[in-house]
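Everything on this sheet refers to the single structure shown next.
All of the numbers you see were taken from the coordinates with simple rules; none came from a lab. The model shown is predicted, which means the values in this text are computed figures rather than measured ones. Here Cβ is always computed from backbone atoms with ideal geometry, including for glycine, and neighbour counts include all displayed protein chains.
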Amino acid sequence: MLERIKKLLIESEADAWELTETLTEGWEFYFIRHRLDQNRAKKVRHIRVRVYRTTDGRKTIGSASEEIPPTATDTEAEDMIRQLVKRASYVKNPYYTLNAPSGGPLAPAEGKTPDLSSLAEDYLSAVREIEETEDAYLNSCEIFVRVNHVHFLNSEGIDITDVRPDSTLELVVNAKDASGEIELYRLRDAGVCDKEALKASVAEVMRFGRDRLRAQPMPKLKKADVVFSTAEIREICGFFAGRMSASYKVRGYSDWEIGQPLGEGDVHVSLEALAELPNSSHNALCDAEGARIHDTVMLRDGVPQAFLGNRQFSAGLGLKDSFIPGNYRMSGGAADEEEICAGDYLEAVDFSDFQADPLSGSIGGGGGPPYWHHGGEVTPVTGGSISGNMLTLMRSMKMTKELTRYDNMEVPQRIRLSGMSVTGIA
Amino acid sequence: MKAPFSPYLNEIRDPLKKLIDILSGTYAYVSVLSTDSRGFAIRVSQHVRTVEGRTMTTERGTVVRVYRDGLYSEYAFNELDPERISEKAEEIRTALDAQLKLLAQTGTAVYETPPLPDEPLTLLSEMETGSLPEDADFDALIADLAGVSDAACAAGPDVIECQVAAQSTHICKMFFTKQRDLRQSYVYSEAVLAAVAVKDGRSEMAHEGVSGRIGPELFFELSGKVAETVQAAEEMLTAERVEPGEYDIITSPEVTGLIAHEAFGHGVEMDMFVKGRALGADYIGRRVGSDLVTMHEGALCAENVTSYAFDDEGTPAGDVTEIDRGILKTGICDAISAARLGVQPTGNGKRENFEHKVYTRMTNTLFDSGTSSLEEMIASVSHGFLLKGMQSGMEDPKHWGIQCMIERGYEIRDGKLTGRVMAPILMTGYVPDLLGSVSMVSADRQVFGNGGCGKGHKEWVKVADGGPVLKAKARLG
């Protein structure tokens, strides 16, 4: 099928094209407590085509894309490509070129790709081995394992194949006592099952659950320092990554400049885009447009070094060697845990909704079981929310030296933001 | 015109019926859902334009559901040779048997479920639309949407960018069992403009949208939203942060819809009852809101982006009264959960696409109208906020916590708008307290179908929600 589509593209009126075939085989298991709710399997092939048309003497270029079903006939596929070429001619963006081969051939890492059965077995046994108690137990879980075969080609001669496993685990954990029952939710993406990390995560969430059962109403603090120690830190990392993206810069959403210190030198965060992170579900040889991914410093000690993004936005900024990042490392902290956790603070953990908007800087959320650390006492609290703006909060942001990993992001274990707004009820 | 049913799906009808016949030799129940939904998305801004042949709901593929020994299993695929149906049946059996072998090795017990009823039903529904996405004039549409972006940038002194996103999808689905033969075809469209204003190092975005079960002709309504969107973006540039606390609130219809969705939308999805994850199961027949609160849910409640004829399990669309004058009456239910709970399914079994599992999901979730006016509500508030623009929300069915991120709030003091704007606003509360505090409801009502809804943090589907203007009390921060 792929060769057929490639031939049709070459014979079409497209000035350039990209072609991506992804064959995914997946197994899924759904559990209520430890009983099987449903099992599912899939084998699906997706063929995505993007065609480009240049106009105005190569001053402008436009693209249009479509998925061509593997069941499409030659006539149907040819017609779809003809329609795409027509659509692309109506789209006029400043001219840019597609990625071209560079730096020698790319090949998948050596080693056997796990089969679905062994990938699934690891998760099934890990879930079975979760240590449950009378007062904290698994309510339900969903296991997804996939093997993805990706083949990317473009009209400039890039031809890359890659095979990667990836997986998702959704866990709902309940805790109960005489006063009632609560639940906590976690969704974990990874390359393959990391049993030890999974067990540690479940033990942590069960501890949060037990603590939340004895939670007191959140005090009306108005303002407080907040220490983040769970996956909310991903959102903070995403705020910096968003403002260092080429698309934000081109659109005028980010006023950060290369070489100009953030927050008048008060910000000391570093951010890198990484080709690989151990067991990340985002590891890949190239990005979705065939650009080679390589380790790149985006922020160094609070000073922008490189915007990154897709070919179109990167061309708008005149960037060389740019790509769409998949993995990030956020670092730059100098504090140890004792320093981060000094004095009074609210410890935000497992918020059900927490967002950091890279455009406005707004940050906020709630719904989790935070801990109020006050005068040496630690009290689990509930019923409140926190909010603030990263553009000001980042100036007093403290981070631990030690890093931890959430799938495709390596981030400080703890981050402290000073003076966030806190809505309480008591 | 009527949205014509997919010729491709008609071509594979008989082969798929043969597949059911073959698999019925092994399994006690077999159903097939096949989809062929095509559409497009156009994005236009001052800096970039794109045309994609993909929306949230475009797909072509098939999922087979089988039942044996109390267990439901599914296999999804998108390669089908009508001449080799026996091989496809064998592929399905082999894959599912391999899973069962592994499950047997790990000593996994099954959550035993009764077989689904299979009552005879035949349907071909080709719904009305003004036009089809496959016939769209892209040159004209791109020009019109670019005009919307240009108009927004010209309308506000601080507006630096306006992204316009418009998409239209022609949904075609067919569902078979031994007894059922259902086909449906409809078109829905939606468009959003998002104006970005920047001043003195501050950036804010405001957005407005349109949606409906019609074709791309809907996009031309977007120009009527430019002035309101630009004004909101400009206002947000000087917005303050709200002093955390409890206030009287007046919710515009889109915020009302967000509350409907998060409060007793997710809270009465009955697959959560099966897992013991929803407090609502214990509150059927009990008071959960004031007398002014009546809420409906169902694909038949409105004509919007998810107003289908039957759901992804072949259950006809419904209209469920979830809350009647403050009393929780019932929830919504997919077919398997209904079999487990001993109730009737409500036509709310939905998949993200053919590759995904069915869950109980919302369609149109709406508060009923009342008799008050917005002016009366504002006049009745001593200190509070008129809330406009929804950003996101999160439910907590187990504890009835609700959390809504709202774009902006307009201060009201002594019965009058003061001109002060707060943004953004995080509204939190306990669902029965929030609904119990509803003291005024407006006579009009609107429905909004932009965006999507996840189950947990995945499984994204189209939903619509809305209602009238409400007056209530909530915590804001």
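Annotations for the structure displayed:
- For the protein assembly as shown, share of DSSP beta bridges that run antiparallel, in % to the nearest 5: 85 percent
- Taken about its Cα centre, the stretch B:268-323 carries a charge dipole of about 340 debye when Lys and Arg each add +1 at the Cβ and Asp and Glu each add -1 at the Cβ.
- Near A:Leu221, the amide H atoms lying under 5 Å from its own belong to A:Gly424; only residues 5 or more places off or on other chains count, and H is placed 1.01 Å from N.
- Sequence-ordered 3J(HN,Hα) estimates for the stretch A:379-390 from the Karplus curve with 6.51, -1.76 and 1.60 and θ = phi - 60° stand at 10, x, 10, 8, x, x, 8, 10, 7, x, 10, 4 Hz, glycine and proline given as x.
- Two-site FRET efficiency, B:Lys458 against A:Glu13, from Cβ-Cβ distance with R₀ of 35 Å, rounded to 0.05: 0.30
- Estimated dipole of chain B in Debye, rounded to 20 [Cβ of Lys and Arg +1, of Asp and Glu -1, Cα centre]: 1080 debye
- Ignoring lysines fewer than eight residues from B:Lys199 along the same chain, the ones with Cα atoms less than 19 angstrom from its Cα are A:Lys249.
- Mean residue ellipticity at 222 nm, helices only, chain A: -6500 deg cm²/dmol; runs of at least 4 DSSP H residues each add -39,500 (n - 2.57), and the sum is divided by the number of residues.
- Secondary structure note: in the stretch A:216-423, about 80% of the DSSP beta bridges are antiparallel.
- Average partner coverage of A:126-132, which counts Cβ from other chains inside 10 Å: 1
- Dividing the summed -39500 (n - 2.57) terms of all DSSP H runs of n ≥ 4 by the residue count of chain B sets its mean residue ellipticity at 222 nm at -6500 deg cm²/dmol.
- Backbone N under 20 Å from the A:Ser125 label point (7 Å along Cα→Cβ), restricted to the stretch B:86-120: B:98-109
- Here's the picture: a label point sits 7 Å out from the Cα of B:Ser380 along the beta-carbon direction, and within the stretch B:426-442 the residues with their amide nitrogen under 12 Å of it are B:437-442.
- Rounded to the nearest 20 debye, dipole of the protein assembly as shown from Cβ charges on Lys, Arg, Asp, Glu: 180 debye
- Taken over the stretch A:2-212, the percentage of Cα pairs per 5 Å bin, counting from 0 up to the bin with the maximum distance, is 1, 6, 12, 12, 12, 10, 9, 9, 8, 7, 6, 4, 2, 1, 0, 0.
- Farthest towards the positive end of the charge dipole of chain A, among the residues A:Tyr52, A:Thr113, A:Leu403, is the Cα of A:Tyr52, using unit charges on the Cβ of Lys, Arg, Asp and Glu.
- Global geometry of chain B, whether rounded, prolate or oblate, following the gyration tensor of its Cα atoms and the 1.5 cut on a/c: oblate
- Comparing B:Ile249, B:Leu476, B:Phe354 along the charge dipole axis of the stretch B:245-476, the residue lying farthest to the positive side is B:Leu476, per the Cβ-charge model.
- The protein assembly as shown: equivalent-ellipsoid semi-axes (sqrt of 5 x gyration tensor eigenvalues, Cα, Å): 38, 34, 31
- Near A:Glu402, the amide H atoms lying under 5 Å from its own belong to A:Gln413; only residues 5 or more places off or on other chains count, and H is placed 1.01 Å from N.
- Sites A:Thr97 and B:Leu417 - FRET efficiency at Förster radius 51 Å, r taken between beta-carbons, to 0.05: 0.45
- Rg/Rh for chain A stands at 1.01; both radii use Cα atoms, and Rh follows the Kirkwood definition.
- Alpha-carbon centroids, the stretch B:369-385 and the stretch A:377-421: separation in whole Å: 39 Å
- Given charges at Cβ of Lys, Arg, Asp, Glu: the stretch A:2-212 dipole, positive-most of A:Asn154, A:Leu184, A:Ala126: A:Asn154
- The relative contact order of chain A, computed from alpha carbon pairs under 8 Å that lie at least 6 residues apart in sequence, is 15 percent.
- 3J(HN,Hα) couplings calculated from phi for the stretch A:287-298 with the Karplus curve 6.51 cos²θ - 1.76 cosθ + 1.60 (θ = phi - 60°) are, in sequence order, 7, 5, 10, x, 6, 5, 9, 9, 4, 9, 7, 9 Hz; Gly and Pro show x.
- In order through the stretch A:319-335: 3J(HN,Hα) via Karplus (6.51 cos²θ - 1.76 cosθ + 1.60), integer Hz, x for Gly, Pro: 7, 9, 6, 8, 6, 8, x, x, 10, 9, 10, 10, 8, x, x, 10, 8
- Proximal aspartates and glutamates relative to A:Lys320, as straight alpha-carbon distance under 18 Å, when same-chain residues fewer than 8 apart are discounted: A:Glu156, A:Glu257, A:Glu272, A:Asp287, A:Glu289, A:Asp295
- A cut-off of 5 Å between modelled amide H atoms, ignoring neighbours fewer than 5 places along the same chain, links A:Gly326 with A:Leu274.
- Members of B:Lys18/B:Lys88; A:Lys43/B:Lys88; B:Lys2/B:Lys178; A:Lys7/A:Lys59; A:Lys59/A:Lys92; A:Lys222/A:Lys398 lying beyond 18 Å, as alpha-carbon distances in this model show: B:Lys2/B:Lys178; A:Lys7/A:Lys59; A:Lys222/A:Lys398
- Calculated translational diffusion coefficient of the stretch B:245-476 (20 °C, 1.002 mPa s; Stokes-Einstein with Kirkwood radius over alpha-carbon pairs) equals 122 µm²/s.
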